[in-house]
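Peer 1: Can you keep this structure in mind? I'll have questions shortly.
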Amino acid sequence: MPRPIVASISISALQHNLSVARAHAPKARAWAVVKANGYGHGLERVMRGFAAADGLALIEPDYAVRLRELGWSKPILLLEGFFEADDLPVLARHDIQFAVHCEEQIAWLEAFATDATDAALHVHLKMNSGMNRLGFKPDAYRAAYERVRRIASVRSITMMTHFANADDAGNPLLPLAEQVRRFEAGTQGLEGARSLCNSAGDLLHAELAHDWVRPGVMLYGGTPGGGTAADFGLRAAMTLESRIIGVQDVPAGEAIGYGSRFVADKPMKVGVVACGYADGYPRHAPNGTPVLVDGVKTGTVGRVSMDMLAVDLTDVPGAAVGSHVELWGGKLPIDEVAFAAGTIGYELMCALAPRVAVREVE
Ligand SMILES: *Cc1c(COP(=O)(O)O)cnc(C)c1O
């Protein structure tokens with residue numbers, strides 16, 4: 001008898017959201033970003049959902065190989081590239097494209113190419129245009145490009161950068177336009193495709209779509225910021241549902257859960273839901289984090305435990321053991337829950353725990 005918590009994953013929502021990404025950037029090709037196990041939705045499942053993508057992009061080399069084993073024959077891209085020289089023969093054998101963001105990677109590539117002269121490699125040369133994570137600075141970019149171009153087995157170089165504030169273009173610490181200016185200055189006259197936009201870039205700055213876009217969170221129905229998922233016409237791909245497994249009448253003045261963080265100020269009916277932080281629900285969710293019980297919006301009360309959380313049933317008088325609970329998804333946007341818990345939808349979907357049963361729905 002399984003626990004009543006289930007994550008429903010909608011393949012048609014994945015397909016729909018990919019078509020939204022494409023509609024915003026009709027001339028660009030689209031990498032569907034499937035890192036972190038498809039943002040928690042399951043690698044094999046999202047591979048099917050994104051069958052219409054031009055390629056799949058991710059971070060984990062072992063998952064990239066897995067995609068080939070699962071039958072994905074279109075391009076695959078590793079967004080952080082390879083992590084050691086020994087990765088290269090494997091990537092070459094499986095025709096996996098990769099980012100190159102540092103001198104060490106170029107040196108490994110040169111050494112590899114000297115031996116493997118029949119390899120056909122596609123490099124995505126990354127510029128650090130202000131994010132200050134990975135990549136070559138604009139003034140070092142041309143030299144890196146020339147060095148990679150001299151490697152005989154490199155068949156193409158795509159110029160790539162990543163935005164810090166595509167959802168907040170006017171951010172005074174690093175305006176989007178400043179990153180674009182640096183990228184253009186650093187790549188001027190260089191030959192190759194350009195790849196700039198994540199979800200926020202795709203949805204909000206179509207003029208930057210160029211040759212390739214790299215949407216991630218929007219494909220799963222989460223918003224990257226700059227508007228709600230509904231504003232962008234996105235559909236939730238993941239709905240996390242459970243049931244009430246216990247009901248308590250809590251007298252005024254008594255507390256609920258660990259640390260007695262919530263104290264009833266009047267007699268209250270409280271429902272105990274089979275969902276806790278070991279399922280991926282954020283432990284730091286404060287009192288009042290939204291939850292739907294039998295379709296009625298209410299909120300959490302007290303600390304989230306490992307396997308349970310409590311909800312206020314004051315406004316759902318008919319609720320009882322067995323009542324349906326939606327933690328996030330089709331009727332309760334994941335971003336709304338994330339915002340209440342002080343995080344982002346990305347983190348909640350990625351954190352879905354392996355113990356939660358997954359049901360695939362249309
Ligand atoms: C994760 C990632 C993306 C996708 O970002 P979203 O905000 O989820 O759309 C795009 N490009 C790179 C390099 C990434 O690491």
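Taken together, the values in this text are just the output of simple stated rules run on the coordinates, not laboratory data. This one's a predicted model, so the numbers in the text were calculated from it and none came from an experiment. Quick reminder, even Gly has a Cβ in these numbers, built from the backbone with ideal geometry, and neighbours come from all protein chains shown.
Peer 1: Using Cβ contacts closer than 10 Å as the measure, can you line up Ile9, Ile245 from fewest to most?
Peer 2: On the way: Ile9 25, Ile245 19.
If I rank by nearby Cβ atoms, fewest first, I get Ile245, Ile9.
Peer 1: Okay, moving on. Let me spell out the model: positive unit charges on the Cβ of Lys and Arg, negative unit charges on the Cβ of Asp and Glu, origin at the Cα centre of the stretch 203-362. What dipole size does that give, in debye rounded to 20? Please list the in-between numbers first.
Peer 2: Details: 12 positive and 18 negative charges, 68 e Å.
Charge dipole of the stretch 203-362: 320 debye, to the nearest 20.
Peer 1: I would also like to ask the following. Can you put His24, His94, His284 in order of Cβ neighbours within 10 angstrom, beginning with the fewest?
Peer 2: Numbers: His24 22, His94 15, His284 11.
Going from sparsest to densest Cβ surroundings: His284, His94, His24.
Peer 1: Let me ask something additional. Counting DSSP beta bridges in the chain, what percent are antiparallel, to the nearest 5? Numbers along the way, then the final one.
Peer 2: On the way: 27 of 57 bridges.
Once the DSSP bridges in the chain are tallied, antiparallel ones form about 45 percent.
Peer 1: Distance in nm between label sites at Arg150 and Phe83, each 7 Å beyond Cα in the beta-carbon direction?
Peer 2: Distance between the two pseudo-spin positions: 3.1 nm.
Peer 1: Turning to a different aspect of this structure: How high is the relative contact order of the stretch 37-78, given as a whole-number percent (alpha carbon pairs under 8 Å, six or more residues apart)? All intermediate terms of the calculation are to be shown ahead of the outcome.
Peer 2: Details: 32 pairs, mean separation 18.1, N = 42.
Over the stretch 37-78, the number comes to 43 percent.
Peer 1: Looking only at the stretch 236-342, where both bridge partners belong to it, what percent of the DSSP beta bridges are antiparallel (to the nearest 5)? Before the final figure, lay out the partial values.
Peer 2: On the way: 23 of 23 bridges.
Rounded to the nearest five, the antiparallel share is 100 percent.
Peer 1: To the nearest 20 debye, what charge dipole does the stretch 124-276 have about its Cα centre, counting +1 at the Cβ of each Lys and Arg and -1 at the Cβ of each Asp and Glu?
Peer 2: Details: 17 positive and 15 negative charges, 140 e Å.
Rounded to the nearest 20 debye, it is 680 debye.
Peer 1: Among residues other than Asp315 whose Cβ falls under 14 Å from its Cβ, what is the net charge (Lys/Arg +1, Asp/Glu -1)? It would help to have the intermediate numbers written out before the result.
Peer 2: Working: positive: Lys266, Lys269, Lys297; negative: Asp294, Asp312.
With Lys, Arg at +1 and Asp, Glu at -1, the neighbours total +1.
Peer 1: On a straight-distance basis, which lysines could pair with Lys297 in a cross-link, Cα separation under 19 angstrom, same-chain partners fewer than 8 positions away excluded?
Peer 2: Lys269, Lys331
Peer 1: Could you work out the local net charge near Gly295, counting Lys and Arg as +1, Asp and Glu as -1, over the other residues with Cβ closer than 9 Å to its Cβ?
Peer 2: Working: positive: Lys297, Lys331; negative: Asp294, Glu326.
Once positives and negatives cancel, what remains is 0.
Peer 1: Now for a different question. Amide H of Asn171 versus every other amide H placed in the peptide plane: which residues, excluding those fewer than 5 positions away on the same chain, fall under 5 Å?
Peer 2: Leu176
Peer 1: Whole Å is fine, so just give me how far the alpha carbon centre of the stretch 174-213 lies from that of the stretch 145-167.
Peer 2: 12
Peer 1: Run lengths n ≥ 4 of DSSP H only: what is the helix-derived mean residue ellipticity at 222 nm for the chain, with -39500 (n - 2.57) per run over all residues, to the nearest 500? Each step should come with its number before you reach the end.
Peer 2: On the way: 11 runs with 98 residues, N = 362.
So the helix-based figure for the chain works out to -7500 deg cm²/dmol.
Peer 1: Shifting gears a bit: Along the charge dipole of the stretch 260-322, Cβ charges K/R +1 and D/E -1, which of Leu313, His284, Thr300 sits furthest on the positive end?
Peer 2: Farthest along the dipole direction, towards plus: His284.
Peer 1: Still on this structure, please answer the following. Under a 10 Å cutoff between Cα atoms, tell me which one of Arg68, Arg261, Arg45 has the largest fluctuation in the Gaussian network model of the chain.
Peer 2: Arg261
Peer 1: Apply the Karplus curve 6.51 cos²θ - 1.76 cosθ + 1.60, θ = phi - 60°, to the phi angles in the stretch 299-311 and return the couplings in whole Hz, x for Gly and Pro.
Peer 2: x, 6, 10, x, 5, 6, 8, 4, 10, 8, 9, 10, 10
Peer 1: Return a whole-number percent for the relative contact order of the chain, with Cα pairs under 8 Å and 6 or more residues apart as the contact set. Working shown, then result.
Peer 2: Numbers: 824 pairs, mean separation 66.1, N = 362.
The value is 18 percent.
Peer 1: Taking 8 Å as the Cα distance limit and 6 or more residues as the minimum spacing, I'd like the relative contact order of the stretch 16-87 as a percentage.
Peer 2: Working: 77 pairs, mean separation 20.0, N = 72.
After rounding, I find 28 percent.
Peer 1: I've got another one for you. Using Cα springs under 10 Å in a Gaussian network model of the chain, which residue among Gly135, Gly322, Gly345 shows the largest mean-square fluctuation?
Peer 2: Taking springs between Cα atoms under 10 Å, the residue moving most is Gly322.
Peer 1: Additional query: In debye to the nearest 20, how big a dipole does the chain give about its Cα centre with +1 on each Lys and Arg Cβ and -1 on each Asp and Glu Cβ?
Peer 2: On the way: 34 positive and 41 negative charges, 66 e Å.
Roughly 320 debye, rounded to the nearest 20.
Peer 1: Please grab the % of Cα pairs in the chain that end up more than 25 Å from each other. Walk me through the intermediate numbers first.
Peer 2: Numbers: 37908 of 65341 pairs.
Percentage above 25 Å: 58.
Peer 1: Would you order Asp294, Asp167 from fewest to most other beta-carbon atoms within 10 Å of each residue's own beta-carbon? Could you put the intermediate results ahead of the total?
Peer 2: Values: Asp294 16, Asp167 20.
Lowest count first: Asp294, Asp167.
Peer 1: Same structure again: State the answer as a single residue: which of Ala164, His16, Ala193 lies farthest towards the positive end of the charge dipole of the chain, with beta carbon charges of +1 for Lys and Arg and -1 for Asp and Glu, about the Cα centre.
Peer 2: Of the options given, the answer is His16.
Peer 1: How charged is the neighbourhood of Val304? Take every other residue with its Cβ under 12 Å from the Cβ of Val304, and add Lys/Arg as +1 and Asp/Glu as -1.
Peer 2: Once positives and negatives cancel, what remains is +1.
Peer 1: For the stretch 72-86, just list the computed ³J(HN,Hα) in residue order, Karplus coefficients 6.51, -1.76 and 1.60, θ = phi - 60°, integers in Hz, with x standing in for Gly and Pro.
Peer 2: 3J(HN,Hα) across the stretch 72-86, in whole Hz: 6, 9, 7, x, 10, 10, 9, 6, 10, x, 9, 9, 7, 4, 5.
Peer 1: Considering only Cα-Cα distances, which of the following residue pairs are longer than 22 Å: Lys27/Lys74; Lys35/Lys74; Lys35/Lys137? Show your work: numbers first, answer last.
Peer 2: Details: Lys27/Lys74 18 Å; Lys35/Lys74 16 Å; Lys35/Lys137 25 Å.
Check vs 22 Å cut-off fails for Lys35/Lys137.
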